[in-house]
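Enquirer: Please find one structure pasted underneath; my questions will follow.
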Amino acid sequence: MPTRSLLMCLGIPMQVLHGDEWSALCAADGAQRRVSMALVGAQDAGTWLLVQQETAREVLSAEGAQKITLALAGVAAALRGEADLTPYFRDLVSTPPRAPGQ
């Protein structure tokens, strides 16, 4: 079977610095990017967004942005070979899995 390259697009939490209903300058981890706001509309400075491919896809709470940021750090830690990923996924570790509908 031939192999093929698979790409994955991850959403990155970014915080609005300033902008309007069409675009905003957003920041994450010291980097700044111009982001399309077409899907979420104008947002106040300080608002957290989930950004994929230079487009804001969702407005996030500060807690939601923190959880996603930690999870992405956990993925990076796993790729570096870290064995204990508990610090990155405390919300998952502290809550046992449930079957759908429970």
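The values are calculated or read from the model by the stated rules, or taken from the named source; none is laboratory data. All values reported here derive from a predicted model rather than from experimental measurement. Note that we place each Cβ from the backbone using ideal geometry, even for glycine, and neighbour counts take in every protein chain shown.
Enquirer: State all residues of region 1-24 that are closer than 25 Å to residue 76 by Cβ and surrounded by 11 or more Cβ atoms within 10 Å (Cβ to Cβ); if no residue qualifies, say none.
Expert: 10, 11, 12, 13, 14, 15, 16, 17 - these are the residues of region 1-24 that are closer than 25 Å to residue 76 by Cβ and surrounded by 11 or more Cβ atoms within 10 Å (Cβ to Cβ).
Residue-by-condition table, conditions (1) under 30 Å from residue 20 (Cβ atoms); (2) in contact with a Ser or Thr (Cβ under 8 Å, 6 or more places away or on another chain):
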| residue | (1), (2) |
| --- | --- |
| 35 | yes, yes |
| 61 | yes, no |
| 65 | yes, no |
| 73 | no, no |
| 78 | no, no |
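Enquirer: What are the residues in region 9-47 that are over 16 Å from the mean Cα position of the chain (by Cα) and among the small types (Gly, Ala, Ser), if any?
Expert: Passing the criteria: 19, 23, 24, 38, 41, 42, 45.
Enquirer: If we scan region 42-60, do we find a residue that is in a helix (DSSP H, G or I) and without any contact (Cβ under 8 Å) to a residue 24 or more places away in the chain?
Expert: Within region 42-60, none of the residues are in a helix (DSSP H, G or I) and without any contact (Cβ under 8 Å) to a residue 24 or more places away in the chain.
Enquirer: Pairs only if they're at least six apart or on different chains, beta carbon under 9 angstrom, first in region 79-97 and assigned by TED's automatic domain parsing to the domain that holds residue 68 and closer than 20 Å to residue 66 by Cα, second surrounded by fewer than 10 Cβ atoms within 10 Å (Cβ to Cβ) and of a type in the set (S, T, N, Q); list them, first residue then second.
Expert: So the pair list comes out empty.
Enquirer: If I go through region 61-102 residue by residue, how many of them are of a type in the set (A, V, I, L, M), under 23 Å from residue 34 (Cα atoms) and not in a helix (DSSP H, G or I)?
Expert: Summing the residues that are of a type in the set (A, V, I, L, M), under 23 Å from residue 34 (Cα atoms) and not in a helix (DSSP H, G or I) in region 61-102 gives 0.
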